[in-house]
Amino acid sequence: MSDTTAPRMRLTVTHELVLLIALFVSLAVLSVTAERFMSVGNLLNQGRLMTEVALVALPMTFIIITAGIDLSVGSMFGLSAIMLGVFWHNLGVPLPAAMALAMLVGTAAGFFNGLLITRLRVPPLIMTLATLALYRGLAEGISQARSVRGYPEWFFVLGQGEMFGVPTQLWILVVAIIIFWIVLTRTTFGRSLYAIGHNETAARYSAIKVDRIKLIIYSLSGFMSGLAGVIFVSRVSTTRSDMGTGLELDVIAAVVLGGTSIFGGVGTIAGTVLGFTLIQLLKNGLALTGVKGDATIVVIGTVLILSILITNFLQHRRGGDG
Amino acid sequence: MSDAILKLAGISKSFPGVRALSNITFDVRAAEVHALLGENGAGKSTLIKIMSGVYQPDEGVMTLDGGTIAFNSPQEAQDRGIATIYQELLLFPELTVAENIFMGHAPKNRFGAIDWSTMREEARKLLASLDIHDLDVTSMVGTLSVGNRQRVEIAKALSHNARILIMDEPTAALTEHDVERLFGIVRLLRSRGVGVVYISHRLEEVFLLADRVTVLRDGEFVATKPVSETDHDGLIEMMVGRRLDALFPKTEAPLGDVVLELENVTRQPLTKDVSLKLRAGEILGIAGLVGAGRSELAEVIFGMTPAESGTIRVDGRNVRIGSPSAAKRLGIAYVPEDRGRQGLVRPMRLAENVSLASLGRISQGGFLNRQSEATLARKSIDQFRVRASGIDQIVSKLSGGNQQKIGLSKWLATEPRILIMDEPTRGIDVGAKAEIHRMMSELAQEGMAIIMISSELPEVLGMSDRILVMRGGRIVAEVDRADATQESLAAAMMSDASASMAVAAE
């Protein structure tokens, strides 16, 4: 390798390589231990189950790259799901419009996070911890513990249907991955995210509109949570106020497993994609092998710790004492 | 002359791709101040890190009191009486002065618990022995001034019975007054037999303080000489390997129209009723003590902290500068004082830093053009003679002078018409300094309007066409280049009475 190859690029590529190897090892082991695992039907179904976490993990990658965090995604997810039911069932809004409005509610919730984070300089961790409770409370208050059912058949195409033999939501996910990947790697917006994560002060002194960018990514997080919420309702055919509880943990685990640094400045969409794929395959494969739920969580936790150790080891070997 | 306590012979050290030191000879005697000079990247930092046990040399021998030694950690060097005070002070801001001094080796009572009263007493004694009587050992270090923190760090080093004290650019962030006190302490230590290794970019300090001087260049040993046998120009020649004709090559540039005008601009707490005019081709120097409100004024003009009242005109038109991006659109650029915190994103690549303020220029519709970015970065490297392995080098790996060049070229890439430079040459070596000055001069020739904030009076006097002196957020004096002297400026910076005299003398 020549001197001009960027160390940061080499580093992330290496981390992704580690994940890729882990992914193939898991696939190999699980296909032997669980007969039904390595079938097209099962794998596509896993893609279906994974989509909601995956859609939210994409904007979460952006946010964590800026050294921020959004803990309220599960609650925004739940709130959007509830509002879909409320708009359509209680207020009589046509379903397509209700879907749009539900996503708009998610976006507004994210925008509110961003507004307080940028205007009042509340740390994202505190702000979104507060709205995690707030939005969940709103969802429960509005729904009053009643679930909404009886959606029309066409609505289930989104969460249960297929296009060209592939689950509908997987197409949405693929498009979203491509868009997020292009934005992060090819645009001034993506570049600004890295700069903010490494050194927010210097980014401000470079005339980068830091507050506006933060507002956009937190709103985006709300929007994607809303979209995931709507897809989830379509997948499970019902709306309940506790939907998406604990979603933030799965999402953050996937992003961090993907090599995005919680300290900011480092992370890729490819890493995140590998992160959520690996977690989903482990969950499914272990379940099919007959491992109990508790043990599955232990395995996933172990994989997370191992991946971080390996990354740290690689970083130290590259002499990161700059 | 006493014998050397610490001797280094034939020391070499390489890092992947770089030979940082080759065949260096260096020694420290008891009761001397030994200055270590060299441009940034000459290997001074590596050498002191070898002496203090941070790095191990690849080749060569170190002897302490005649016996061969090899340190495996800074702790070992400290135990053998070699203490180091780095530029970034390594103190705990949330702990008291006494706790910091005795961090890791606090006096214990017979129950094995920390003996607080003895600790405070010992801390007081240590400080008193350094002729420091105005420092409360129970105050939090975080509340102290930089000068006081440094004194705490020195006391901490002495609490380990240091016989050799290595000081890496101790005066870089100090005020004039603190520098005086530091010199007093260094001389006191010398009289007590401590060998001091002193690194500085300010040659005057070498002549004031040092007994011997060693010069490094590009990782090689150039010479060790008694200070009495060298002079200013001779040292510079040894450092850069060539003669610098003039350190301040400001040439007369034709002054153009007024491009920036401030009228009664106020932003509390440190910009009060400021009025000034800046012409194309002019270098306007702003002098003042630390805390006089110079950087704050720059941040008002740059929109970082927008003006609360008053009028700002660019090219004669009233403008409101509410954000740095608004300032950038008006052609205003600001190269801030603190490279690491404000000026650069040091973990990112050189090319990414150069383009960061002008992303709009290297993109179409928000999409980056990597080709244009690489071209821009290469142009900056050539234009500024940046010493880097390539456009993909991580900026934190560059020397201070080269980092400063990147900070400047990043803003020149926005093609500004008004350039504000805050301490443009602080902490960088003589060669890089001359290049930055030459650059500023050329920019002024091309019609750039420049505001230069500097704490170095020779620099202000040498580079400026006109000088404003600030104190307490106000402009207290305006002096033409021809009339300014170091004394008149210093007087205006310090006191009300003399300031009005300086104004009257105009």
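Bear in mind these aren't lab numbers, they're just calculated from the coordinates by the rules spelled out. As the structure is a prediction and not an experimental result, all values here were calculated from the model. Backbone-built Cβ (ideal geometry, glycine too); neighbour counts: all protein chains shown.
For the protein assembly as shown, the residue among A:Ile216, A:Gly85, B:Ala83 whose Cα projects farthest onto the positive side of the dipole built from Cβ charges is A:Gly85. Full extension of the chain segment joining B:Ser228 with B:Glu456 gains 79.6 nm, where the gain is 0.36 nm per residue of separation less the Cα-Cα distance.
Taking 0.36 nm per residue of separation and subtracting the current Cα-Cα distance, fully stretching the chain between B:Arg341 and B:Asp315 would add 6.2 nm. Fully extending the segment from B:Leu208 to B:Asp382, taken as 0.36 nm per residue of separation minus the present Cα-Cα distance, adds 58.9 nm.
The range B:340-382 and the range A:66-117 have Cα centres lying 37 Å from one another. With a simple spin-label model that places each label point 7 Å from the Cα along the Cα-to-Cβ direction, the separation between B:Phe111 and A:Leu44 comes to 7.4 nm. What shape does the range B:92-161 take by its C-alpha gyration tensor, where a ≥ b ≥ c are the square roots of the eigenvalues and a/c under 1.5 counts as rounded, a/b above b/c as prolate, and the rest as oblate? It is prolate, given that a/c is not under 1.5 and a/b is the larger ratio.
In what order do B:Met238, B:Met103, B:Met470 fall by count of nearby beta-carbon atoms within 10 Å, going from fewest to most? Ordered from fewest to most neighbouring Cβ atoms within 10 Å, B:Met238, B:Met103, B:Met470 come out as B:Met103, B:Met238, B:Met470. Taking the fewest neighbouring Cβ atoms within 10 Å as the starting point, the ordered list for B:Ser355, A:Ser143 is A:Ser143, B:Ser355. Sparse packing (at most 10 other Cβ atoms within 10 Å of the Cβ) combined with a DSSP loop state is found for the following GluC sites (Glu not before Pro) in the range B:395-486: B:Glu446.
Name the shape class, rounded, prolate or oblate, that the alpha-carbon gyration tensor gives for the range A:40-245, where a ≥ b ≥ c are the square roots of its eigenvalues, rounded holds for a/c under 1.5, and otherwise prolate holds if a/b is larger than b/c and oblate otherwise. Since a/c reaches 1.5 but b/c is at least a/b, the shape of the range A:40-245 is classed as oblate. The trypsin sites (Lys or Arg not before Pro) of the range B:190-234 that DSSP puts in a loop, and whose beta carbon has at most 16 other beta carbons within 10 Å, are B:Arg192, B:Arg202. Of all lysines in the structure, the ones whose alpha carbon falls short of 16 Å from that of A:Lys283, not counting any fewer than 8 places away in one chain, are A:Lys292. Between the beta carbons of A:Ser147 and A:Leu120, assuming R0 = 41 Å, the FRET efficiency works out to 0.70 to the nearest 0.05. Find out how many positive minus negative residues lie around B:Thr311, taking Lys and Arg as positive, Asp and Glu as negative, among other residues whose Cβ is under 9 Å from that of B:Thr311. Net of charged neighbours comes to -1. In a simple Cβ point-charge model (Lys, Arg +1; Asp, Glu -1; nothing else charged), the range B:92-161 has a dipole of about 180 debye relative to its Cα centre.
When the helices of the protein assembly as shown are scored as -39500 (n - 2.57) per DSSP H run of n ≥ 4 and the total is divided over every residue, the value at 222 nm lands at -15500 deg cm²/dmol. Put in line by how crowded their Cβ is, counting other Cβ atoms within 10 Å and starting with the fewest, B:Ile381, A:Ile64 read B:Ile381, A:Ile64.
For the range A:177-264, chymotrypsin sites (Phe, Trp or Tyr not before Pro) meeting the loop criterion (DSSP other than H, G, I, E, B) and having at most 11 other Cβ atoms within 10 Å: A:Phe263. For B:Lys225, list the lysines whose Cα falls under 25 Å from its own Cα; do not include residues on the same chain fewer than 8 positions away. Within the straight-line cut-off, B:Lys225 pairs with B:Lys7, B:Lys13, B:Lys44, B:Lys49, B:Lys433. With the cut-off at 1.5 for a/c, could you classify the protein assembly as shown from its C-alpha gyration tensor as rounded, prolate or oblate? Prolate shape, in that a/c is at least 1.5 and a/b is the bigger ratio. Summary value for the range A:55-134: 39 percent relative contact order, contacts being C-alpha pairs under 8 angstrom separated by 6+ residues.
Each label point was placed 7 Å from the Cα along the Cα-to-Cβ direction; for A:Trp154 and A:Val236 their separation is 2.6 nm. Please identify the longest segment of chain A free of exposed trypsin sites (Lys or Arg not before Pro), where exposed means a DSSP state other than H, G, I, E or B and no more than 16 other Cβ atoms within 10 Å. By the stated rule (loop sites, at most 16 other Cβ atoms within 10 Å), A:37-120.
Across chain A, the relative contact order, built from alpha-carbon pairs under 8 Å that are at least six residues apart, equals 33 percent.
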